[in-house]
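Following: one structure in structure tokens, then a few remarks.
The values are calculated or read from the model by the stated rules, or taken from the named source; none is laboratory data. Remember, it's a predicted structure, so these values are computed and weren't measured experimentally. Here the Cβ positions follow ideal geometry from the backbone for every residue, glycine too, while neighbour counts run over all protein chains shown. In case anyone asks, the SASA skips ligands and DNA or RNA and just uses the protein heavy atoms, side chains included. Shrake-Rupley method; radii C 1.70, N 1.55, O 1.52, S 1.80 Å.
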Amino acid sequence: MRRLFAVEAAAASSASAAAAAAALNGAVNWWKDVNDSPMWQDRLFHALAVLYGIVSVVALVQLIRIECRVPEYGWTTQKVFHFLNFIVNGVRSIVFVLRRNVQLIQPEILQHVILDMPGLAFFTTYALLVLFWAEIYYQARAMSTDGLRPTFYWINGVVYTIQIILWMVLWWKPIRVMVILSKMFFAGVSLFAAFGFLLYGGRLFLMLQRFPVESKGRRKKLQEVGYVTTICFTCFLIRCVMMCLNAFDKAADLDILSHPILNFFYYVLVEILPSAMVLFILRKLPPKRGITQYHPIH
């Protein structure tokens with residue numbers, strides 16, 4: 001009897017293992033079939049285009065609402081942030097609508113520029129949010145903010161200059177090492193942005209925690225800073241990891257048409273979802289008068 005039970009258990013275990021293997025094999029085949037299908041490639045890239053388009057429109061509507069609310073303050077940090085979100089997501093939407101045509105552009109370096117430039121602009125957009133928080137933190141501690149904006153411009157200038165040099169070298173000598181170097185530089189920029197959010201978002205969060213409990217808007221501002229810091233730190237960290245994988249593993253290549261599923265989940269996780277969530281969290285309009293926390297961009 002015991003031997004019979006043992007045989008039945010072994011048979012059941014073998015059947016379960018076979019079923020699991022069949023399911024895994026089916027999933028692998030499905031993934032490969034979708035990746036190799038031009039129809040599914042177009043569907044997923046167009047889905048990304050629609051999602052980016054929605055986020056772009058939301059950012060534009062919010063920009064218009066802010067302009068109608070406080071037109072007398074010119075280009076404030078908040079307005080520039082929403083404008084850049086509108087541009088970045090709008091350009092991404094157009095690129096994914098024309099994704100198949102982009103792959104045919106020659107010389108190949110132009111493909112890298114078209115696909116990577118919105119990512120750099122995304123970095124600038126959210127670096128502006130770090131700048132905004134840094135200014136609030138320094139002002140609250142009665143420290144000078146004179147050096148913050150020049151530092152912001154200097155960092156962005158260095159990032160764009162290095163990336164342009166890498167593109168030019170890649171155009172002159174299109175070898176694998178230069179592609180890897182370009183992607184690793186982008187990974188480093190993403191890691192730098194992640195720690196920028198962790199540093200100034202964390203500082204601002206801790207400072208707000210020390211405010212009296214009855215302080216007006218304290219709890220809501222704490223949640224706002226905490227959520228945005230967590231979202232942005234996570235999205236830039238994921239981008240950093242993915243860029244490292246992208247550089248060394250061809251199976252994680254984001255610049256080819258035959259990886260539409262990977263592209264879909266990557267861009268949703270590192271750009272679309274974070275942008276949508278941040279725009280929702282920061283949807284509150286500034287007060288009509290007595291505004292002091294939104295500084296004009298000179």
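In terms of its alpha-carbon gyration tensor, region 80-165 comes out oblate; a/c meets the 1.5 threshold, while b/c is at least as large as a/b.
Please arrange His112, His46, His82 by accessible surface area, largest first, computed with a 1.4 Å probe and ligands excluded.
Details: His112 30, His46 85, His82 0 Å².
The residues order as His46, His112, His82, largest area first.
Net charge dipole, region 141-211: roughly 120 debye, given to the nearest 20, about the Cα centre with Cβ charges of +1 for Lys and Arg and -1 for Asp and Glu. Remark: for residue pairs Lys79/Lys250; Lys32/Lys183; Lys221/Lys288, the C-alpha separation exceeds 29 Å in Lys79/Lys250. Which residues in region 229-259 place their backbone N less than 16 Å from a point set 7 Å from the Cα of Asp36 along the Cα-to-Cβ direction? Counting backbone N atoms under 16 Å from the label point, the list is 257-259. When a/c reaches 1.5 or more, the comparison of a/b and b/c decides; with that in mind, is region 104-153 rounded, prolate or oblate per its Cα gyration tensor? Since a/c reaches 1.5 and a/b is larger than b/c, the shape of region 104-153 is classed as prolate. So what is the relative contact order for region 205-277, in percent, with contacts set as C-alpha pairs under 8 Å and at least six apart? Once normalised by length, the contact order is 25 percent.
For region 66-160, the list of trypsin sites (Lys or Arg not before Pro) that fall in a loop by DSSP and count at most 15 other C-beta atoms within 10 angstrom reads Arg141.
How large a share of the accessible area of region 62-121, in percent, is made up of carbon and sulfur atoms when the probe is 1.4 Å and the other protein chains stay in place?
Details: 1950 of 2740 Å².
Within region 62-121, the accessible surface is 71 percent carbon and sulfur.
Could you pull out which residues in region 33-53 have an amide N less than 18 Å from a spot 7 Å beyond the Cα of Leu257, following the Cα-Cβ vector? So the set is 33-49.
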